[in-house]
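My questions will all concern the structure given below.
Taken together, the values in this text are just the output of simple stated rules run on the coordinates, not laboratory data. This structure is a prediction, so every number in the text was calculated from the model and none was measured. Because the Cβ atoms are built from the backbone with ideal geometry, glycine has one as well, and the counts that use them run over all protein chains shown.
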Amino acid sequence: MKYLSEYRDPKLAKKVLQEIKKTVTQPCNIMEICGGQTHSLVKNGILNVLPDEITMLHGPGCPVCVTPLHLIDKAIYLSEKENVILCSFGDMLRVPGSKKSLLEAKAGGADVRILYSPLEAVTLAEKNPCKEVIFFAVGFETTAPSNALSVIHAEKLGLKNYSILTSHVLVPPAITALMEDPESRIDGFLAAGHVCSIMGYWEYFPLVEKYKIPIVVTGFEPLDILQGILITVKQLEEGRTELENQYTRMVKEEGNTSAQKIINQVFDVSDQAWRGIGTIEQSGYRLNKAYERFDADKKFSIDIEKAEENKECIAGDIMKGLKKPYQCVHFGKECTPQNPLGAPMVSSEGACAAYYNFSTMFKTIS
Amino acid sequence: MKKSIFKLQCPAPKFDFDIITLAHGSGGLLTNKLLESGVFDLLKNEELDKHHDGALLNFGSDTVAFSTDSFVISPVSFPGGDIGELAVNGTVNDVAMCGGIPQYLSLSFILEEGLPIKEFWDILVSIKYAAEKSGVKIVTGDTKVVDKGKGDKIFINTTGIGRIHPEAEIDINHIKEGDKIIISDNIATHGIAILSVREGLEFETTIESDTRNLNHITVKLLDRFGKKIHLFRDPTRGGVASTLNEIASDSQLGIVLKDENIPVDDQVKAACEILGLDPLYAANEGVFMAIVSAEIADDLLQYLRTFEEAKNASIVGEFVNDHQGKVLITNPLGGKRVVHMPVGEQLPRIC
């Protein structure tokens, strides 16, 4: 367990925590962008041990949560068509569409498969030439290279029965949208380590410059997160606003250039709808002209009505960090992971689900 | 006519689902809902109401443990075992968890048309060896064949019966505040081994299912510690989290676990990290939990570790008179979280 157990060492973690406590003198709001970080913060009980001055805000970085309801409905519609195999990452299956989830579509007879890699879906398409194989390609920049690669492979193999239904979201435009929001009260960001391992962190310099805010590229283990918080707090206390990299063991400034090349070969940047937030300009990927024949949205005529989000859900306020999950009147009552009212409760990495699943008794019940 | 009157007298309970999904068989929240508001309510009786892995039946002065289980698994053969071995061990262990000494098994097959005889034979041979190893005789059975496409190669049902150990007083009502929870070996091994060969999720690993009979160990523990053992349970589907939630709920006590004491093999831990799964929710087939009086916990642990199959045994937590019906886990950082009942099967996540 090299590179894992070391970053969970309770003695070291306590040392960093002590240093945070010594350093912080004024209240500050730090937002972790990524749902994986939210999950880790809550699962490891870090929220319970941080000093009162620090408030963690949980950002919109759960790809499952921000996948638009309409697109989930489209995936379900496609899965129920004759001769279609719809493939998806596991955690998309339980997310409710407006009428049902993919898991329920499967129970009703749809051929829905859970895969870990989109390349498996290409293999499925190869093995099933009489079926249309569609991969539900969801995620941040992290999953974009493998989704792009699946399309490149399908092209090389001359497959005509493979396509992807994409909902790709990008982190830097989301940070811009959060900072442009007049209600924003974010003092610093922990950027998502996995996203930066692909994209690097050069994209974040203009954001630090423009919004005068610390951004710290941070990993996912307890020690990573505590160090990320410490670096942010130090900057705030010293009046600095810089881009720093805590996750040096994984992230280089330029990122993984081979992966970026694959992304750029297949995708164009485009406007993207985020569930619970709305459309953010230039914040997603679409298949470009050369590869659009692999776009399931264009390949199939999908004739379904656009469903409305539940108006009782305060997902926007949660994902902008304006409210905590337990400040919602429906939290843990009408809205649970079994019956989510909206985006942040649908995946285990959403802020509401993380609080519901992992918070202490007090917060869960109150 | 009779049938329609019966239906009128037994209106279906109000379920919040219209159809059965896989989650209803996952051992989590939906399985419980289906059983509690459906099966347990309609078929209510003193023996069934205990909600244990099997039933304890009285025949005059003799008490007998009786349990049944059906086995459906894909693929039928997996690293470390096959469905045949699983079908014997699963039921043997359920009888053992009641404090019973498993003696006889029934064996029923539902076979899918087209199953190669070679595969059937291999499974049958596994059954023979597993039965010999557990010390049980297979004394009755049945075979049915369904059309191709209406089964998944082979489904097996086994039912087991055995006399109760003379020293056993396994009863959830005997659990009291301060009782310790002991897990007999590394958890999540079976669940991850199966996942590693499932279509679409294959990954290279040497992780093997832990399927094995546990009756030899439970009998020896009962010989030595008798009434001080308040409960045995094997955390199969739904994993340790589901089983402990059920026990907390039925005992009306709270449970506190220590994260650092939960035994998990490093390779399994790494696979769980990659797939985004929690070992507490993964299935086990060769692990049991013993809930025991605090005063014997250390002695029992030491003795338990002398068995090869339990060398990683650990005291993982205890019962408290607080947060009744709930399971809490603490970590070395000082954080706490609730371990919920899972909704359905765990699904691998995106990143």
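Find, among the trypsin sites (Lys or Arg not before Pro) in the range B:290-345, those assigned to loop by DSSP (not H, G, I, E, B) with at most 15 other beta-carbon atoms within 10 angstrom.
Passing sites in the range B:290-345 are B:Arg305, B:Lys311.
GNM, chain A, Cα, under 10 Å: largest mean-square fluctuation among A:His330, A:His168, A:His194?
In the Gaussian network model the winner is A:His330.
Does anything in the range A:209-250 have its amide N under 14 Å from the 7 Å Cα→Cβ label point of A:Thr25, and if so which residues?
A:234-240
Step through the table entries A:Lys160/B:Lys150; A:Lys100/B:Lys336; A:Lys74/A:Lys289; B:Lys133/B:Lys220; A:Lys14/A:Lys43, compare each Cα-Cα distance with 26 Å, and write down the pairs that go over it.
Result: A:Lys160/B:Lys150; A:Lys100/B:Lys336 exceed 26 Å.
Which trypsin sites (Lys or Arg not before Pro) in the range A:152-233 sit in a loop by DSSP (not H, G, I, E or B) and have at most 14 other Cβ atoms within 10 Å of their own Cβ? Numbers along the way, then the final one.
Details: sites: A:Lys156, A:Lys160, A:Arg185, A:Lys210, A:Lys212; in loops: A:Lys160, A:Arg185, A:Lys212.
Loop-located and lightly packed - A:Lys160, A:Arg185, A:Lys212.
Please work out how much length the chain gains when fully extended from A:Lys81 to A:Arg293, using 0.36 nm per residue of separation minus the C-alpha to C-alpha distance, in nm with one decimal.
The span from A:Lys81 to A:Arg293 would gain 74.4 nm if fully extended.
Then there's this: Using +1 at the Cβ of each Lys and Arg and -1 at the Cβ of each Asp and Glu in the protein assembly as shown, identify which of A:Ile213, A:Leu119, B:Leu257 lies farthest towards the dipole's positive end.
Result: A:Leu119.
Can you list which of the trypsin sites (Lys or Arg not before Pro) found in the range B:104-173 are DSSP loop residues with at most 12 other C-beta atoms within 10 Å? Don't jump to the answer; show the numbers that get you there.
Values: sites: B:Lys118, B:Lys128, B:Lys133, B:Lys137, B:Lys144, B:Lys148, B:Lys150, B:Lys153, B:Arg163; in loops: B:Lys148, B:Lys150, B:Lys153.
Filter output for the range B:104-173: B:Lys148, B:Lys150.
Suppose every K and R has +1 on its Cβ and every D and E has -1 on its Cβ; what is the size of the dipole of chain B about the Cα centre, in Debye to the nearest 20?
Result for chain B is approximately 700 debye, rounded to the nearest 20.
Quick one: of B:Lys14/B:Lys153; A:Lys99/A:Lys333; A:Lys131/B:Lys144; A:Lys15/B:Lys326; A:Lys99/A:Lys298; A:Lys298/A:Lys320, which pairs are farther than 29 Å apart, Cα to Cα?
B:Lys14/B:Lys153; A:Lys131/B:Lys144; A:Lys15/B:Lys326; A:Lys298/A:Lys320
Using only Cα atoms, find the angle between the long axis of helix A:171-180 and the longest principal axis of chain A, and express it within 0 to 90 degrees, rounded to the nearest 10.
Value to nearest ten degrees: 60.
Could you check how many percent of all C-alpha pairs in the range A:79-161 are farther apart than 14 Å?
It works out to 62 percent of all Cα pairs.
How high is the FRET efficiency between A:Leu322 and B:Leu43 when r is their beta carbon distance and R₀ equals 45 Å, given to the nearest 0.05?
For A:Leu322 and B:Leu43, the calculated efficiency is 0.35.
Between A:Ser258 and A:Lys156, what FRET efficiency follows from the Cβ-Cβ distance if R0 is 22 Å, with the result rounded to 0.05?
Computed FRET efficiency for A:Ser258 and A:Lys156 comes out at 0.85.
Any aspartates and glutamates with Cα under 17 Å of the B:Lys258 Cα? List them, leaving off those in the same chain fewer than 8 positions away.
A:Asp9, B:Glu177, B:Asp179, B:Asp185, B:Asp278, B:Asp298, B:Glu318, B:Asp322
In µm²/s, what is D for chain B at 25 °C and 0.890 mPa s, where D = kT/(6 pi eta Rh) by Stokes-Einstein and Rh is the Kirkwood radius from Cα pairs?
116 µm²/s
Same structure again: Distance between Cα centroids, the range B:244-286 to the range A:90-122: provide it in whole Å.
26 Å
Need the full-extension length gain, B:Gln252 to B:Glu308, defined as separation in residues times 0.36 nm minus the C-alpha distance. One decimal, nm.
16.7 nm
Sticking with this one: Could you work out how much longer the chain between A:Leu4 and A:Lys333 gets when fully extended? Use 0.36 nm per residue separation minus the Cα distance between them, nm to one decimal.
114.9 nm
Could you state the number of Å between the C-alpha centres of the range A:1-65 and the range A:287-315?
So the two Cα centres are separated by 35 Å.
Distance in nm between label sites at A:Glu238 and A:Glu312, each 7 Å beyond Cα in the beta-carbon direction?
Between A:Glu238 and A:Glu312, the label points sit 4.9 nm apart.
Continuing with the same structure: P(r) for the protein assembly as shown, please, calculated from all Cα pair distances in 20 Å bins and given in %.
Going out from 0 Å in 20 Å bins, the protein assembly as shown shows 16, 48, 31, 5, 0 percent.
Determine, for A:Thr336, A:Thr142, B:Thr218, B:Thr140, the number of other Cβ atoms within 10 Å of each Cβ, and report the residues in order from fewest to most.
Lowest to highest Cβ neighbour count: B:Thr140, A:Thr336, A:Thr142, B:Thr218.
Give me the one-decimal nm value for the distance between modelled label points at B:Leu124 and A:Ser270, 7 Å along each residue's Cα-to-Cβ direction.
Taking the simple label geometry, B:Leu124 and A:Ser270 are separated by 5.9 nm.
Not counting the cut sites, what is the longest span of chain B without GluC sites (Glu not before Pro) that DSSP labels loop and that have at most 13 other Cβ atoms within 10 Å?
B:205-351
Another question, then. Arrange the following residues from fewest to most other Cβ atoms within 10 Å of their Cβ: A:Cys87, B:Cys272. Display every interim value, and only then the final one.
Working: A:Cys87 27, B:Cys272 22.
Going from least to most buried by this count: B:Cys272, A:Cys87.
Report the calculated FRET efficiency for B:Ala294 and A:Thr248 (r = Cβ-Cβ distance, R0 = 45 Å), to the nearest 0.05.
In this case the efficiency is close to 0.45.
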